Amino acid sequence: MSLLEDLLIMVGVLLDVFATMEIQGAMIAHIRKKTLFIACGVVAAIELFFYFAGYFICWFAAKSGYIADPFKNGEAVAVIVLAILGIRLIVKAIKHEFVQERLKDVLRVWDYVKVIAVSGFYTAAAGCVCALVGITVWHLIVIIIVISILMVVMGLYTGLHFGFENKTIAYVIGAFLLWGVSIEILLHSVLEII
């Protein structure tokens with residue numbers, strides 16, 4: 001997988017973080033710099049934890065021989081997992097969850113950390129995919145940190161200024177990014193058409 005594919009996967013997965021933070025931003029009157037800094041750090045740490053948990057579990061399974069021909073089979077698994085992650089985002093967009101909007105004085109970590117942790121399992125699935133196709137982890141640390149921070153900042157400020165209705169668009173864009181990478185891996189690596 002290329003650096004661009006890695007970037008698109010992480011943006012696609014982390015657009016769920018954008019939607020979560022957009023909802024939080026819609027419920028506060030203003031964003032304090034300290035709150036923003038803490039939110040960025042917490043989200044980046046959670047995403048890194050889940051990504052590397054998934055990565056090392058699948059890396060260990062591949063190195064221990066539990067997965068036959070991990071690179072070739074990993075690409076097929078990557079196609080399936082990325083397609084499923086895209087479907088999950090479309091379901092969230094269609095589901096159009098009701099949000100009980102109420103104004104808060106401050107953004108509390110516990111308000112968003114539960115949702116981010118649940119979506120972290122999908123980041124772990126992306127980490128597993130990356131381990132199976134042989135991606136080195138060092139550049140992904142930077143990608144995850146930068147994209148997490150961008151999604152938190154953009155999500156909070158979008159919610160603050162425009163409300164939380166843009167989250168549906170974020171889910172759809174994330175799904176298309178994941179499906180695009182899935183189709184590219186299918187055509188290029190699995191079927192070897194392009």
- Residue that is at pLDDT 90 or above, crowded, with 16+ Cβ neighbours inside 10 Å and either touching a helix residue (DSSP H, G or I) at 6+ places or on another chain (Cβ under 7 Å) or within 22 Å of residue 95 (Cβ to Cβ) (or both), where the choices are 163, 159, 174: 174
- Residue tally, condition of a type outside the set (Gly, Ala, Ser), outside any helix (DSSP H, G or I) and in contact with a strand residue (DSSP E or B) (Cβ under 9 Å, 6 or more places away or on another chain), over segment 10-30: 2
- Task: Please work out which one of (1) assigned to a helix (DSSP H, G or I); (2) surrounded by fewer than 18 Cβ atoms within 10 Å (Cβ to Cβ) is the condition residue 79 fails and give its number.
- Result: (2)
- Item | Condition check for residue 109: closer than 14 Å to residue 14 by Cβ, surrounded by fewer than 19 Cβ atoms within 10 Å (Cβ to Cβ) and either touching a helix residue (DSSP H, G or I) at 6+ places or on another chain (Cβ under 8 Å) or modelled with pLDDT under 85 (or both) | no
- Which one is nearest to residue 182 (Cα to Cα) among residues in segment 112-149 that are polar (S, T, N, Q) and at pLDDT 85 or above? 123
- Message: Suppose we filter 57, 90, 9 for residues that are farther than 20 Å from residue 175 by Cα and among the β-branched types (Val, Ile, Thr); which single one remains?
- Response: 57
- Message: Taking the conditions exactly as written (hydrophobic (A, V, I, L, M, F, W, C) and either in a loop (DSSP other than H, G, I, E, B) or crowded, with 18+ Cβ neighbours inside 10 Å (or both)), does residue 42 satisfy them or not?
- Response: no
- Query: Just checking, which of 156, 186 is more than 13 Å from the chain's Cα centre (by Cα) and within 21 Å of residue 47 (Cβ to Cβ)?
  - Reply: 156
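The values are calculated or read from the model by the stated rules, or taken from the named source; none is laboratory data. Source: prediction; values computed, not measured. When we count neighbours, we look across all protein chains shown, and the Cβ atoms used for this are built from the backbone with ideal geometry, even at glycine.
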